[in-house]
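Before any comments, here is the structure.
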Amino acid sequence: MLVDPVVVTLEAMRAAIALTVVAAALALARQAAALGACSAADISAQEPACPLSGPCTIVKQYTVADGCTLDFSGRDVMLAPSAVLTIGSGTMILVSNDLILAAAPSSGAYINGRGTGSSAPTNQGGAVVIHASGNVVLQKNGDARARIEVSGTSQAGYIEIDAGGIVTIAGRLKADQELHASLAGGGYIDITSAHDIVSLPGSQVLAGGGSLSRTRGGTIEMDADGKIDLGAPLNVSGSYGGQVDLTARGDVIVRGIVANGTASNGDGGYVEIDAGNNVRILDSPIQIDGSDDQNEGGCGGGARIDSVDGDLTIAASISGDGRGFGGAGGDLSINSGRALLLSPGAMVSVHGYGTDAAECDSGELNLRAVTTMTLAGKIDASSQVGDAQVGIEAGGNMTISGTVTVT
């Protein structure tokens, strides 16, 4: 039987091409596979742009074992948009001078401490601890975000950022329940800066919990020697609302906090803002409301907001409402070291909507200003059961052009 040499040649070429494609795919798979690292030296040994001294750029993907410290003390570190550090439910400490988690249009640097397992310990979020003597930046580029995530299917984890410079968050910090993990408790985000803490519009700082969690929403704490300027809302909602603590020697500017109770009987959470200078509540409301379940319902949450030596401006609403069948209003204490302004269109509310609020105290609302007070918005301390307590006090002139409702 005669064989056409042309056919043989074509078949050989096809086979060679197929083998080349397979080899290339295997090479790419090996390249994409996560490498192991437990120290800065381990990273340097595998990253051409990360020598043993000087600035370090990390572009590859690594699995970092539990308890490891990546110590780049005094060195600027960038996690390129392709970089991934995966710790799962473990703990990792990263030490640097400046730290940048970069983002490109299609991807963002990722520190992955998610606990996605179905049983302990892998169902718990990990712990990411960052000590930076300089600035810390999480970038965003279009829809792509640099991110640190420690969510969990049972319990979210812990994110700590301690910076000697400015902390700028354009990307995502996530310490809440995994998607559809309604039993998971919220985690903890703790940010400290010797200068400013700034989040940009479109950023995400999340420490919520599931609506059926036995614990509650998580906790977000921020402490700055300069100012805190939040360009997007914080979220610590959960079965019972979580807690937000913001402390700054300078101004505190807030554009939304959500700390609602989401279980059928979930109470609102707690918010504390302590500014050495001015406080401004802008754009989006502070919500610390109880659940609106009509069979049970939840009590309103609490807040204390102080501008020690500055003005206090409320241009977006603050609510600690009790909702549902059993919800009475919460407890809001708002104190200005100088003037207090409630802008037109804004409301401060401890409204109790419940008709059987035996599990709650009646709402309480106190507004105080050392100098002048202008109430051009709405004060609502209505209650279906009991009498709410309201105190309004100013050391200087008081102007009320809005409405004050107390029942």
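Any lysines with Cα under 16 Å of the LYS174 Cα? List them, leaving off those in the same chain fewer than 8 positions away.
Cross-link targets: LYS140.
Compactness ratio of region 223-300: Cα Rg over 2.2 N^0.38 Å, N = residue count?
This ratio for region 223-300 stands at 1.19.
From the backbone phi of region 267-272, what are the Karplus-calculated ³J(HN,Hα) couplings (6.51 cos²θ - 1.76 cosθ + 1.60, θ = phi - 60°) in whole Hz, Gly and Pro given as x?
Here the 3J(HN,Hα) series is 7, x, x, 9, 10, 10 Hz.
Enumerate the aspartates and glutamates that LYS227 could reach by cross-link, defined here as Cα to Cα under 17 Å, with residues fewer than 8 away along the same chain left out.
ASP162, ASP190, ASP196, ASP245, ASP251, GLU272, ASP274, ASP306, ASP309, ASP311
Normalised by the number of residues in the chain, what is the relative contact order in percent for Cα pairs under 8 Å and 6+ residues apart? If you can, show how the numbers build up before the last one.
Numbers: 1541 pairs, mean separation 27.5, N = 407.
Reported relative contact order: 7 percent.
Just name one of GLN46, GLY345, ALA207: the one whose Cα is farthest towards the positive end of the charge dipole of the chain (beta-carbon charges, Lys/Arg +1, Asp/Glu -1).
Checking the options against the dipole of the chain, the answer is GLN46.
Roughly how large, in nm² to one decimal, is the mean projection of the convex hull of the alpha-carbon atoms in region 314-407?
It is 5.3 nm².
For MET347, which sequence-distant residues (separation of 5 or more, or a different chain) have an amide H within less than 5 Å of its own amide H, given hydrogens modelled in the peptide plane?
For MET347, the qualifying residues are SER317, ILE318, LYS378.
Over all pairs of distinct alpha carbons, what does the Kirkwood formula give as the hydrodynamic radius of the chain, in Å?
Working: mean 1/r = 0.0434 Å⁻¹.
Result for the chain, one decimal place: 23.0 Å.
Can you give the percent of C-alpha pairs in region 240-407 whose distance is more than 30 Å? Mind showing how you got there, number by number?
Values: 1670 of 14028 pairs.
Tail of P(r) above 30 Å: 12 percent of Cα pairs.
With runs of 4+ DSSP H residues as the only contributors, calculate the mean residue ellipticity of the chain at 222 nm using -39,500 (n - 2.57) per run, divided by the residue total and rounded to the nearest 500.
On the way: 2 runs with 33 residues, N = 407.
Mean residue ellipticity at 222 nm (helix-derived): -2500 deg cm²/dmol.
Going by average Cβ neighbours within 10 Å, how do the peptides 391-402, 319-330 rank, with the highest at the top?
Working: 391-402: 13.5, 319-330: 29.5.
Top of the packing list down: 319-330, 391-402.
GNM on the chain, C-alpha springs below 10 Å: top fluctuator among VAL279, VAL129, VAL236?
Of the options given, VAL129 has the highest mean-square fluctuation.
Pulled fully out, how much extra length does the chain show between THR405 and LEU212, if you take 0.36 nm times their separation in residues and subtract their Cα-Cα distance?
Details: separation 193, 0.36 × 193 = 69.48 nm, distance 3.44 nm.
Length gained between THR405 and LEU212: 66.0 nm.
Rounding to the nearest 20 debye, state how big the charge dipole of region 219-375 is about its Cα centre with +1 on each Lys and Arg Cβ and -1 on each Asp and Glu Cβ.
Working: 8 positive and 23 negative charges, 109 e Å.
That gives region 219-375 a dipole magnitude of about 520 debye.
About the Cα centre, and with charges only on the beta carbon of Lys, Arg (+1) and Asp, Glu (-1), how big is the dipole of region 34-197? Nearest 20 debye, please.
Values: 8 positive and 14 negative charges, 71 e Å.
Once rounded to the nearest 20, the dipole reads 340 debye.
For region 323-402 and region 216-254, compute the distance between their C-alpha centroids and round to whole Å.
Region 323-402 and region 216-254 have Cα centres spaced 21 Å from each other.
Once Lys and Arg get +1 and Asp and Glu get -1 on their Cβ, which of VAL59, ASN278, VAL236 lies farthest toward the positive end of the dipole of the chain?
Looking along the dipole axis, the top candidate is VAL59.
For the chain, with only Lys/Arg (+1) and Asp/Glu (-1) charged at the beta-carbon, what is the dipole magnitude about the Cα centre, in debye rounded to 20? Intermediate values should be presented prior to the final figure.
Values: 21 positive and 42 negative charges, 231 e Å.
Here the size comes out at about 1100 debye.
For helix 5-32, what angle does its Cα long axis make with the longest principal axis of the chain, in degrees from 0 to 90 and rounded to 10?
It is inclined by approximately 40 degrees.
Could you sort 44-53, 119-128 so that the peptide with the highest average Cβ count within 10 Å comes first and the rest follow in order? Numbers along the way, then the final one.
Working: 44-53: 13.6, 119-128: 20.8.
Put in order of decreasing packing, that is 119-128, 44-53.
Starting at the first residue of region 295-307, write each ³J(HN,Hα) from the Karplus equation 6.51 cos²θ - 1.76 cosθ + 1.60 with θ = phi - 60°, in whole Hz, x for Gly and Pro.
Coupling constants for region 295-307: 8, 10, x, x, 6, x, x, x, 8, 10, 10, 10, 10 Hz.
Rounded to whole Hz and in sequence order, give me ³J(HN,Hα) for region 275-288 from the Karplus expression 6.51 cos²θ - 1.76 cosθ + 1.60, θ = phi - 60°, writing x for Gly and Pro.
Computed from phi, the couplings for region 275-288 are 10, x, 10, 8, 10, 10, 9, 10, 6, 10, x, 9, 10, 10 Hz.
Laboratory data are not the source of any read-out in this text; all were calculated from the coordinates shown. It should be emphasised that the depicted structure is a prediction, and the values quoted were computed from it without experimental measurement. Using ideal geometry, Cβ is built from the backbone for each residue, glycine included, and neighbour counts are taken over all protein chains shown.
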